[in-house]
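Heads up, the thing below is written out as structure tokens.
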Amino acid sequence: MPLDLQEVLIHAPFRNDARMLASLLETHAIQSTVCPDEEALAEGLGAGLPGALIVTQEALTDRVRGLVQDHLARQPDWSELTVIVLVEKGVPQALLVRHLTEQWPGSRQVFYQRPLATLELLSGVQSALLARIRQRDVRDHIALERELRHELNHRVKNILASVSSIFQMTARASADLDELKRSFGGRLATLGNVHSALFEAGGEAVDLKGLITLVLSPYAADGGAHFEIDGPAVRLNKDAAAGLGLTVHELATNAIKYGAWSVPTGLIRVEWSVEAREFRLCWRETGGPELARPSRSGYGTRYVRAAMQNLFGAPPEVRFEPSGLVLVARGPLKRIEATPATDRNASATVGG
């Protein structure tokens, strides 16, 4: 079984030293494994990272010193093994200390002279195990930092791919440079706002009502465009938040150009519902000019259809009614909802 940085290895093959040491540690609830010979020591050191190693001076054969040296060479950078050496009274220690220090870099050697002072030995073992706990914290921090770097790299690539795609499609649909700058700037700002919302919410989950309010509120400044929002609380995962944020932006842009927001009396109502884990979203425009189905689909319409199909697994229903545009999208809630674990990490809401 792999070691867990809290198990003490004991290599004291002569007399009753090993049994006495194991009994002493067990009395104080410290887990230990006795390695009665060199093969058992090799197996113990190969099983993982022990909390500490206790070895008697007379057991320090060339092979034992080599086994410890090899183990220390394999340990990760954050690890520092404490080796407790029990030496005989009257034996010169200076040469042994110098030799082991040179041979065992990456370790901390502690020397105790026999006969042992029980409290002193226990204090040394407990200090070694406490140091291992701190080292484990460093290990976990390094692992988390590495994971975050990978996640950051992944997200940056995705963002750049989204920006590139938005630019290319906007360029194809723009009649001149001014229109390109205006359309691309608006879409890029919306993408930035959505990612800011994700950041404020902990990076993973965003409140649906807050997200839609965030995207539509700038249009209502100074008594401008009118909109209503209604629906139960839904927490979106990061992909759904980005997709829905840009979708709402495209629908709002279309409403300004051709729909309800092209006249002062126009109103947009966004409502959603959840029944039996099925999600339904409706965008409805009223009070604008009478609409007719366009002869061709622009970038905004194509994006909305593609984004909705990607999110819900089915294309949205789009109706050009005389009173205004109506869009209805539906699909399983699980496709857009943040997982419970993710949602616990996202304590903030957007625009709430």
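For K209, the lysines whose Cα falls under 17 Å of its own Cα, not counting residues fewer than eight places away in the same chain, are K238. Computed from point charges on the beta carbon alone (+1 for Lys and Arg, -1 for Asp and Glu), the dipole magnitude for segment 1-143 about its Cα centre is near 340 Debye.
Under a 5 Å amide H cut-off, with hydrogens placed 1.01 Å from N, L49 pairs with L3, L5 among residues at least 5 apart or on other chains.
Only the coordinates and a few stated rules stand behind these numbers; no lab work does. The structure displayed is predicted, hence computed values, not measured ones. Using ideal geometry, Cβ is built from the backbone for each residue, glycine included, and neighbour counts are taken over all protein chains shown.
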